[in-house]
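Below is one structure; the comments refer to it alone.
The values are calculated or read from the model by the stated rules, or taken from the named source; none is laboratory data. Owing to the predicted nature of the structure, the values given are computational and were not obtained by experimental measurement. For neighbour counting, all protein chains shown are included, and Cβ atoms are generated from backbone atoms with ideal geometry for every residue, glycine included.
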């Protein structure tokens, strides 16, 4: 799937979130801007549910299907079709609150045995790792997946009973109220879907099929709104802008021709020009895309995502040095973004001077280590670190860096669930690393954990 939005991984994951015994491929996307928006919107909801926001994994599934689901642990999955269907941040917040209601209600625990019987736990672990680790080195929207061919039955995994749906609704109402977010958006979103239940099952949106939507549920939400203190509350203005830009960005990447028809040259809105810049880039009109991205940067010089877009276009058109400068601005403006730090580190590695200038490689390593600190399980970060340490070993003739490169490859394999390869690489890295050093101890941890897991399987 290389280069479906500048991707460097080729992985496909087969899963069945629709109907029992059906099989569907899930393609995940990573995007610093969209993830930043989703977490910003979700954080007060998680806190209202007494959930640490840092403990929740939000994954975005690339699909025109309207759906969202939660998986074992604190993992929430949102389809791009659902994100694009929502008209406001309040509608999206309602969906997030409902899914969080399933987590807070412990609804996934009951299905744990069914998952085990379906041999799905290992697959779920891969799915979470892929969703977390599917990062391109070039920023922007990136798509990925992971190898696997197992199926998960709908009834045992993604579909909840009507009583659980009502329970999740009730919890969501309380979370939204505590967070100061109007519940009107949740009602509006359900009204969008209420006609679906009258359709034949094979024509219904997945959200309705996996979340049985009844008139009783809609009625309960309407009654809640009658007494809600926050029913007319408005979110800060930035959330409406973030929502509009998310939808424009997704359309520009996923349906560029449609985006160019919808967002014309006469539309001066920032979201419209953002969508056009992305769509032009996606359709090969690089120079025009860069000009538009430059206009966006001038209008909002403190927006890291406009620099990121400009850098991505430059990187993929071979203008690496220019991309390095813009990735640096993006990463410096949003230093807590692992994806932006990784993208900048990767660009430094690919720059013209990297083969001759050790200091440039050290800069890349510094940024990649920071990306790793922020999000340790991104396989591509480890791949880039392996390349950086390998190149430094060549330039300095210091074999410690060669061993560190092998260790990084062990971490990459471990993050991808390739235990046999991870164990072998970790053992090899330990032979070259100084015994007791930080990376030696980490390599030992990988090897011991894999050895322990193998012994458990052999019992």
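Residues that are more than 11 Å from the chain's Cα centre (by Cα) and surrounded by fewer than 21 Cβ atoms within 10 Å (Cβ to Cβ) were ranked within region 23-40; the one that is nearest to residue 308 (Cα to Cα) is 40. Taken as a whole, the condition of being out of contact with any strand residue (DSSP E or B) (no Cβ under 6 Å at 6 or more places or on another chain), outside any helix (DSSP H, G or I), modelled with pLDDT under 95 and surrounded by 19 or more Cβ atoms within 10 Å (Cβ to Cβ) applies to residue 213. When we screen 325, 338 for residues that are more than 25 Å from residue 285 (Cα to Cα) and at pLDDT 95 or above, the only hit is 338. Taking first residues from region 224-241 that are in the same structural domain as residue 89 (by TED's automatic domain parsing) and partners that are surrounded by fewer than 10 Cβ atoms within 10 Å (Cβ to Cβ), no Cβ contact under 6 Å between residues at least 6 apart in sequence or on separate chains turns up.
Of all the residues in region 295-308, those that are more than 18 Å from residue 338 (Cβ to Cβ) and in a helix (DSSP H, G or I) number 6.
Where residues in region 316-365 are part of a loop (DSSP other than H, G, I, E, B) and in contact (Cβ under 8 Å) with a residue 60 or more places away in the chain, which of them is farthest from the chain's Cα centre (by Cα)? Let's see the steps before the verdict.
Kept after step one, since they are part of a loop (DSSP other than H, G, I, E, B), are these residues of region 316-365: 317-319, 334-337, 351, 356-357.
With in contact (Cβ under 8 Å) with a residue 60 or more places away in the chain added as a condition, the list becomes 334, 337.
Values: 334: 17, 337: 12 Å.
Of everything passing the filter in region 316-365, 334 is farthest from the chain's Cα centre (by Cα).
Taking residue 382 as the residue in question, decide whether it is under 22 Å from the mean Cα position of the chain (by Cα), over 30 Å from residue 289 (Cα atoms), at pLDDT 95 or above and buried (at least 17 other Cβ atoms within 10 Å of the Cβ). Criteria met by residue 382.
Condition check ((1) modelled with pLDDT of 50 or more; (2) part of a loop (DSSP other than H, G, I, E, B); (3) in the same structural domain as residue 189 (by TED's automatic domain parsing); (4) farther than 29 Å from residue 312 by Cβ) across all residues:
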{"residue": "51", "(1), (2), (3), (4)": "yes, yes, yes, yes"}
{"residue": "69", "(1), (2), (3), (4)": "yes, no, yes, yes"}
{"residue": "76", "(1), (2), (3), (4)": "yes, no, yes, no"}
{"residue": "98", "(1), (2), (3), (4)": "yes, no, yes, yes"}
{"residue": "106", "(1), (2), (3), (4)": "yes, yes, yes, yes"}
{"residue": "114", "(1), (2), (3), (4)": "no, no, yes, yes"}
{"residue": "130", "(1), (2), (3), (4)": "yes, no, yes, no"}
{"residue": "151", "(1), (2), (3), (4)": "no, yes, yes, yes"}
{"residue": "155", "(1), (2), (3), (4)": "no, no, yes, yes"}
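Considering region 188-200, and only residues there that are in contact with a helix residue (DSSP H, G or I) (Cβ under 9 Å, 6 or more places away or on another chain) and surrounded by fewer than 21 Cβ atoms within 10 Å (Cβ to Cβ), the residue that is modelled with the lowest pLDDT turns out to be 199.
For the structure I just gave you, tell me whether residue 425 is without any contact (Cβ under 8 Å) to a residue 40 or more places away in the chain, part of a helix (DSSP H, G or I) and surrounded by fewer than 17 Cβ atoms within 10 Å (Cβ to Cβ). Quick ask: steps written out before the conclusion?
Numbers: without any contact (Cβ under 8 Å) to a residue 40 or more places away in the chain: yes; part of a helix (DSSP H, G or I): yes; surrounded by fewer than 17 Cβ atoms within 10 Å (Cβ to Cβ): no.
So residue 425 fails the test.
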